[in-house]
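Asker: This structure is in structure tokens; I'll ask about it shortly.
The values are calculated or read from the model by the stated rules, or taken from the named source; none is laboratory data. This is a predicted model, so every value here is computed, not measured. With ideal geometry, Cβ positions are generated from the backbone for all residues, glycine too; neighbour counts draw on all protein chains shown.
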């Protein structure tokens, strides 16, 4: 005997969870499509050389191995590097601009911890091949429309611009990209180690500099009217041209969003958002659900200058975001915004003798032909058992077929919610009750 | 620079293909659900010991490696072993009978050849925990309903019973399971090496036996009325009890199916169907599309006695089938039954000056609010470019917004199919044209 178990950090989804996930993915895909994003698929396995081109912590977590032909291969750890490879390989066939979404699993051999898995699902959407602010605006619209489609109402996309962070660093005495990255890496820990902790770490890194004022600005979050907010920070434009450019672009983005029918509570400025290091170059954002502060960001992203720089000399700017589906599902569950059934059928058809199988099959087929998902209980047993099966799985109705029903071509229907049972209905009578 | 390429035997799906695949999967899932099948998810990675429990050619093709914790792991090569593991692990929580579908990718490092990939998609549906013939009947109904939902009309599920094959072997002098398997392995090559080839191979294996009559019977395919067919082979029931049992069960299955509103051309007896070796124990089937003889079976399966025998002492009989999606898609494409667009948007909104971006965003949002998928062209360029973009991708309508349109809050709409362009429409006028 082999012990049936999953690998540590990997998990099965039972029907209730799998159906809830499927319903969420359907809604997300439908929002992505409404904006003209199209799906693509890339393999789960790629050449190791493609996956290992960047530096950072994540490199140690890639599942790398040799395939049957002794090639060094690896499981994808995100969908961005495969996208960069894909675009470089196919951009002539695709045509630019190109808007794709991709819903797929990625693999990271990180230390397993609560709520973190080694295989998890990402929903990415990117707008490639254009520097237009319309694209940034659209990605943020997609985030907001997605969360609203899932029934969320109280959430915010926190937006910043890398040029604002770069300009601030410059103003406070950090000039090289390395220095700026070192600072951002510390600032990224703000929510974990607090302002005191950040100041201590920065002091250790740059003993000659003062960070209190810098941190005060970085800690600025918009609270209230956006136009007022931009007025209140307009003085920063005088610090240097980089800061000015970043602030003006952010303001233009807000002006684009504010002219739409979107609740302005859903997008706000937060000067502390940095989002990783070498990657993003423009507007960046994270998304939090108001009532679930500890959940972290459920959708993050930003603008980058050149997606495929490792693969192609052609410059491919773009902007995109990624929804961490597993984390989002945890949030939706906590807010009771996910389906919680274990069956896809509304009706369970039960018969009391094997000689009724043919009639039962006909009844189930008729329900399906009338667009009512119907399941046939395959065994003949005491009624208690199929009824408890229906209760456990969540069927709304149970149809019972006995000798009399078979003779009259009638059926007995029980509403499992109200407990009401009606005997000897015609099929159309039963259908009416189900569709009531 | 890194050369952007996929591994040999792996492939990308561009939007047109990915959308076609997605549409097919949506239709299949909807059929599975209409019968009460529910989705589950298992990881792509499993303990190697779980994957390598069986013998056979496939074992050499499994991607096996060590993970970060030095565990021996592997990529799943089918969805049946993971299902067996899943059921043994969770059956108390699931409740029996249990009907699941699973749509997922599997990995086999086989020699790459035309139309065969090392990563491919399987759509499995299984009915676990019941020996009732209703389950067999339902799996065959699902196959037929699935292919019909995809627009196929001329196809057949070819059905056999392992007990018929076993009984025939017994009658013609083969008695051990090893001998029967050796014969079936040769018979499985019938379509490849022909009757002559099969007879030669059998002669070499069993020089003392005569196979001409056996092969004649095995080559019997139902052609015409099923009840007539069963009458014509009724003499086989006298050969031995195994044959009798197999034939009677097959006949009962046909009687169940014949009482339903299903074209009887869609299911037929074929005594040559064997489907692998140690696995199946009852009714077995393959499915072919009439006009695509060389494509092979697009959906195969059958009944098994005990799914989880390696994992559990509890007996879990079941019946199921698997659709080879990649092969099915090849067939659907050949019959022009797949979508062939590269865009998910019906309308492309184009503006002629950056100062029109806000109005263009509003127009696109209005279309979406009216359930019309609308894409915004992000650049301001000569109109030729967005129009050729719309032509390439397949948008049905292009909306052009110039100075006058912005001033009047009107829009100019071109129907890309008819070429008809109407200027200065109100939004509702444009919406009416789109929904016409």
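Asker: Restricting attention to the range A:79-89, which residues are in contact with a strand residue (DSSP E or B) (Cβ under 9 Å, 6 or more places away or on another chain) and either assigned to a helix (DSSP H, G or I) or without any contact (Cβ under 8 Å) to a residue 60 or more places away in the chain (or both)?
Answerer: Filtering the range A:79-89 down to residues in contact with a strand residue (DSSP E or B) (Cβ under 9 Å, 6 or more places away or on another chain) leaves A:79-83, A:85-87.
Those that are in contact with a strand residue (DSSP E or B) (Cβ under 9 Å, 6 or more places away or on another chain) and either assigned to a helix (DSSP H, G or I) or without any contact (Cβ under 8 Å) to a residue 60 or more places away in the chain (or both): A:80, A:81, A:82, A:83, A:85, A:86, A:87.
Asker: Sticking with this one: Would you please name the residue that is farthest from residue B:94 (Cα to Cα), looking only at residues in the range A:335-358 that are touching a strand residue (DSSP E or B) at 6+ places or on another chain (Cβ under 8 Å) and facing chain B (nearest Cβ under 8 Å)? Even if it seems obvious, please write down each step before you answer.
Answerer: So in the range A:335-358, the residues touching a strand residue (DSSP E or B) at 6+ places or on another chain (Cβ under 8 Å) come out as A:335, A:342-352, A:356-357.
Adding the requirement that they be facing chain B (nearest Cβ under 8 Å) leaves A:342-345, A:348, A:357.
Details: A:342: 9, A:343: 11, A:344: 14, A:345: 16, A:348: 17, A:357: 25 Å.
Only one residue tops the list, namely A:357.
Asker: Which one is surrounded by the most Cβ atoms within 10 Å (Cβ to Cβ), of the residues in the range B:394-414 that are in contact with a helix residue (DSSP H, G or I) (Cβ under 7 Å, 6 or more places away or on another chain) and part of a strand (DSSP E or B)? Walk me through it before giving the result.
Answerer: The initial filter retains those residues of the range B:394-414 that are in contact with a helix residue (DSSP H, G or I) (Cβ under 7 Å, 6 or more places away or on another chain), namely B:397-399, B:401, B:406, B:411-413.
Next, from what is left, pick out any that are part of a strand (DSSP E or B): B:397-399, B:401, B:411-413.
Numbers: B:397: 21, B:398: 22, B:399: 26, B:401: 21, B:411: 24, B:412: 18, B:413: 22.
Out of the qualifying residues, it is B:399.
Asker: Taking residue A:372, is it within 11 Å of chain B (Cβ to nearest Cβ), in contact with a strand residue (DSSP E or B) (Cβ under 7 Å, 6 or more places away or on another chain) and assigned to a loop (DSSP other than H, G, I, E, B)?
Answerer: Numbers: within 11 Å of chain B (Cβ to nearest Cβ): yes; in contact with a strand residue (DSSP E or B) (Cβ under 7 Å, 6 or more places away or on another chain): yes; assigned to a loop (DSSP other than H, G, I, E, B): yes.
Considered against the rule, which asks whether it is within 11 Å of chain B (Cβ to nearest Cβ), in contact with a strand residue (DSSP E or B) (Cβ under 7 Å, 6 or more places away or on another chain) and assigned to a loop (DSSP other than H, G, I, E, B), residue A:372 comes out as yes.
Asker: On to the next question. Please work out which residue is farthest from the chain's Cα centre (by Cα), limiting yourself to the range A:90-107 and to residues that are assigned to a helix (DSSP H, G or I) and more than 9 Å from chain B (Cβ to nearest Cβ).
Answerer: Here is the first cut: in the range A:90-107, the ones assigned to a helix (DSSP H, G or I) are A:90-94.
Imposing the further condition that a residue be more than 9 Å from chain B (Cβ to nearest Cβ) reduces the set to A:91-92.
Details: A:91: 26, A:92: 29 Å.
Looking at the filtered set, the residue picked out is A:92.
Asker: With part of a loop (DSSP other than H, G, I, E, B), closer than 27 Å to residue A:395 by Cα and modelled with pLDDT under 95 as the only criterion, which of A:308, A:342 stands out?
Answerer: On the way: A:308 fails: closer than 27 Å to residue A:395 by Cα.
None of the other options fit; the residue is A:342.
Asker: Filter the range A:353-377 for residues that are over 40 Å from the mean Cα position of the chain (by Cα) and surrounded by fewer than 21 Cβ atoms within 10 Å (Cβ to Cβ) and give the result.
Answerer: A:353, A:354, A:355, A:356, A:358, A:359, A:362
Asker: Which one of these does residue B:427 not meet: (1) in contact with a helix residue (DSSP H, G or I) (Cβ under 6 Å, 6 or more places away or on another chain); (2) in the same structural domain as residue B:24 (by the TED database)?
Answerer: Just one mismatch for residue B:427, condition (2).
Asker: Of these, A:350, A:380, A:338, which one is more than 37 Å from the chain's Cα centre (by Cα) and either buried (at least 23 other Cβ atoms within 10 Å of the Cβ) or assigned by the TED database to the domain that holds residue A:29 (or both)?
Answerer: Values: A:380 fails: either buried (at least 23 other Cβ atoms within 10 Å of the Cβ) or assigned by the TED database to the domain that holds residue A:29 (or both); A:338 fails: more than 37 Å from the chain's Cα centre (by Cα).
Just a single option satisfies the conditions, and that option is A:350.
Asker: Further question on the same structure: Can residue A:186 be described as touching a helix residue (DSSP H, G or I) at 6+ places or on another chain (Cβ under 9 Å), in a strand (DSSP E or B), crowded, with 17+ Cβ neighbours inside 10 Å and away from chain B (no Cβ under 14 Å)? Give the steps one after another, and end with the answer.
Answerer: Numbers: touching a helix residue (DSSP H, G or I) at 6+ places or on another chain (Cβ under 9 Å): yes; in a strand (DSSP E or B): no; crowded, with 17+ Cβ neighbours inside 10 Å: yes; away from chain B (no Cβ under 14 Å): yes.
Spelling it out, it is not the case that residue A:186 is touching a helix residue (DSSP H, G or I) at 6+ places or on another chain (Cβ under 9 Å), in a strand (DSSP E or B), crowded, with 17+ Cβ neighbours inside 10 Å and away from chain B (no Cβ under 14 Å).
Asker: While we're looking at this one, here's another question. Look at residue A:110 and say whether it is touching a strand residue (DSSP E or B) at 6+ places or on another chain (Cβ under 8 Å), within 12 Å of chain B (Cβ to nearest Cβ) and in a loop (DSSP other than H, G, I, E, B). I'd like the intermediate steps shown before the answer.
Answerer: Working: touching a strand residue (DSSP E or B) at 6+ places or on another chain (Cβ under 8 Å): yes; within 12 Å of chain B (Cβ to nearest Cβ): yes; in a loop (DSSP other than H, G, I, E, B): yes.
Answer is yes for this residue.
Asker: All but one of (1) within 14 Å of chain A (Cβ to nearest Cβ); (2) without any contact (Cβ under 8 Å) to a residue 40 or more places away in the chain; (3) part of a helix (DSSP H, G or I) hold for residue B:329; which doesn't?
Answerer: (2)
Asker: Assuming residue A:66 fulfils every condition listed in (1) over 24 Å from residue B:15 (Cβ atoms); (2) surrounded by 21 or more Cβ atoms within 10 Å (Cβ to Cβ); (3) at pLDDT 95 or above apart from one, which condition is it?
Answerer: (2)
Asker: Scan the range B:61-74 for residues that are more than 8 Å from chain A (Cβ to nearest Cβ) and in contact (Cβ under 8 Å) with a residue 12 or more places away in the chain and jot them down.
Answerer: As a first pass, look at the range B:61-74 and keep what is more than 8 Å from chain A (Cβ to nearest Cβ): B:62, B:64, B:70, B:72, B:74.
Result: B:62, B:64, B:72, B:74.
Residues checked against (1) farther than 22 Å from residue B:81 by Cβ; (2) crowded, with 20+ Cβ neighbours inside 10 Å; (3) assigned by the TED database to the domain that holds residue B:118:
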position: B:246; (1), (2), (3): yes, yes, no
position: B:287; (1), (2), (3): yes, yes, no
position: B:290; (1), (2), (3): yes, no, no
position: B:294; (1), (2), (3): yes, no, no
position: B:299; (1), (2), (3): no, yes, no
position: B:311; (1), (2), (3): no, yes, yes
position: B:318; (1), (2), (3): no, yes, yes
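Asker: Suppose we keep only residues that are assigned to a helix (DSSP H, G or I) and facing another protein chain (nearest Cβ under 7 Å) within the range A:11-60. Which one would you say is farthest from residue B:83 (Cα to Cα)? If you could, list the steps in order and put the result at the bottom.
Answerer: To start, the set of residues in the range A:11-60 that are assigned to a helix (DSSP H, G or I) comprises A:15-34, A:48-51, A:57-60.
Subsequent filtering for residues that are facing another protein chain (nearest Cβ under 7 Å) retains A:15, A:18-19, A:22, A:33-34, A:49-50.
Details: A:15: 13, A:18: 14, A:19: 17, A:22: 19, A:33: 33, A:34: 35, A:49: 34, A:50: 33 Å.
Per the criteria, the residue is A:34.
Asker: A further question follows. For the range A:115-125, does any single residue satisfy the condition of being buried (at least 22 other Cβ atoms within 10 Å of the Cβ), touching a helix residue (DSSP H, G or I) at 6+ places or on another chain (Cβ under 6 Å) and more than 10 Å from chain B (Cβ to nearest Cβ)?
Answerer: Yes; the residues of the range A:115-125 include at least one that is buried (at least 22 other Cβ atoms within 10 Å of the Cβ), touching a helix residue (DSSP H, G or I) at 6+ places or on another chain (Cβ under 6 Å) and more than 10 Å from chain B (Cβ to nearest Cβ).
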